[in-house]
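Here is the structure we will look at.
The values are calculated or read from the model by the stated rules, or taken from the named source; none is laboratory data. Remember, predicted model here, so these are calculated numbers, not experimental data. Cβ placement follows ideal geometry from the backbone for every residue including glycine, while neighbour counts extend to all protein chains displayed.
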Amino acid sequence: MRNGVDVAIIGAGPYGLSLAAHLSASKVSYRIFGVPMSSWRNMPNRTWLKSEGFASSLFDPASSFTLARYCQEHSLPYADVGIPVPIETFVAYGIEFQQRFAPHLEEVAITSVVPVADGFELTTEAGETVHSKRVVVAAGITHFSFIPPVLGDLPRELVSHSADHKDVSRFAGRRVAVIGAGASAIDLAGLLHEAGADTHLIARRSAIAFHDAPIEPRPISQRVLNPRSGLGLGWRSRLCTDAPLLFHSMPKKIRMRAVQRHLGPAPGWFAKTRFVGRVVSHLATRMKGAMRTTVATRTKGATRTKGARRMKRATPTTRARRTTRRAVTRTTRAAATSPAPASTPGTRSTRAAAATRAAGRTP
Ligand SMILES: Cc1cc2nc3c(=O)[nH]c(=O)nc-3n(C[C@H](O)[C@H](O)[C@H](O)COP(=O)(O)OP(=O)(O)OC[C@H]3O[C@@H](n4cnc5c(N)ncnc54)[C@H](O)[C@@H]3O)c2cc1C
């Protein structure tokens, strides 16, 4: 191919970099584009990976530069299971992986990919044209953040996505509603509370499905019945991680059902400390709409601000509506293991959730 390569990799996150490491060790010519670990660099400071240490390595052909190895070389705390991996450690590890295994990375975005007779023609944001026989799109989920239409009427300065917040300190002293009950929501709500924001969590589910803290070593019967995998405990997860091609070969209907039913939004076990007993939760609450109003605070002798409405006695739902008039953060994050009970219920709805759990029902 004229002026071209066999493979172009778009994206320099864990997958793009791991593929580059493998291609570097082969005779395949390739180029890789993107800012290394950029999705991870933009995640909120002072949070942790949900995956355990053993499940958070990038892949070089010899599996020589694992996260365990990186932590050992840099004298950082590490355990295969049980010590949460700080985002900062993971980013630094990914960048060192890139420098070792994909040193020719081009930190430029690809703006278009067009099929041509002998492959593809890619254009970089710098205007260069690249020919490639094959293209691997490893662009991650950054471009797919979604804010539900129910929040669409709010002005952009009042509504944002969890992916927009690396640093939440600007919310200090403000009232913020976090929509969702997955890992990003719970992490952010805890961080917002710590930063001094009056934080309210609004979610449709009636209980927050925190992961169980891992306990190792486990008895052999438990290890057989409920094996550990990179996605959590259980044979289903183990099959997904250890036999992905088996899953891939299944009929679409079965695969779609598995994706819909297996796992789901769930915060890591370590997120409980920051959240439970601190953040006000409005669970089992479905949002019908959100709008901007001027809200009066009814203090003695004060008059209501023009245009403000008298508020009804707060129920979780009305409180939820009120809080959504403030800055709103919507979250998306999936990947989980089995849900575990939350502790120290703090609101009516979390007490209801605890009752649900006590009755043995899975939220
Ligand atoms: C909040 C959050 C927490 C998560 N926690 C975990 C966890 O603990 N463990 C886990 O295994 N997974 C976790 N995930 C899932 C995680 O996204 C994936 O595991 C992993 O990042 C996927 O890697 P990737 O290489 O496919 O994509 P990404 O890491 O998203 O990397 C994509 C790369 O592509 C680049 N790119 C995008 N568009 C272009 C373009 N046009 N041109 C050039 N480059 C481009 C970006 O700059 C970026 O570097 C989490 C996700 C989120 C959102």
Of everything in the stretch 43-57 that's more than 9 Å from the ligand (Cβ to nearest atom) and of a type outside the set (D, E, K, R), which residue is nearest to P77 (Cα to Cα)? G53
Within the stretch 178-198, of all residues that are under 12 Å from S281 (Cβ atoms) and surrounded by fewer than 24 Cβ atoms within 10 Å (Cβ to Cβ), the one nearest to the ligand (Cβ to nearest atom) is G180
Report, ordered by the first and then the second residue, all pairs with beta carbons closer than 7 Å, sequence separation of six or more or different chains, a first member in the stretch 132-147 that is within 8 Å of the ligand (Cβ to nearest atom), and a second member that is in a loop (DSSP other than H, G, I, E, B). A138/G11; A138/G13; A139/G11; G140/G11; G140/G13
Residues in the stretch 170-187: is at least one among the polar types (S, T, N, Q) and in contact with a Lys or Arg (Cβ under 6 Å, 6 or more places away or on another chain)? yes
Return yes or no: is P61 in contact (Cβ under 8 Å) with a residue 12 or more places away in the chain and either of a type in the set (G, A, S) or in a loop (DSSP other than H, G, I, E, B) (or both)? yes
What are the pairs, 6+ residues apart or on separate chains, where a residue within the stretch 99-122 that is on the phi > 0 side of the Ramachandran plot has its Cβ under 8 Å from a residue that is assigned to a loop (DSSP other than H, G, I, E, B)? G119/M1
Can you say whether P115 is surrounded by fewer than 12 Cβ atoms within 10 Å (Cβ to Cβ) and part of a loop (DSSP other than H, G, I, E, B), as far as the supplied structure shows? no
Restricting to the stretch 263-287, name every residue that is part of a loop (DSSP other than H, G, I, E, B) and either modelled with pLDDT under 90 or under 17 Å from the mean Cα position of the chain (by Cα) (or both). L263, G264, P265, A266, P267, G268
Go through (1) within 14 Å of the ligand (Cβ to nearest atom); (2) crowded, with 21+ Cβ neighbours inside 10 Å one by one and return the number of the condition L23 breaks. (1)
Within the stretch 235-263, residues surrounded by 12 or more Cβ atoms within 10 Å (Cβ to Cβ), closer than 23 Å to F54 by Cα, of a type in the set (A, V, I, L, M, F, W, C) and free of Cβ contacts under 8 Å to residues at least 60 places away in the same chain come out as W235, L239, C240, F247
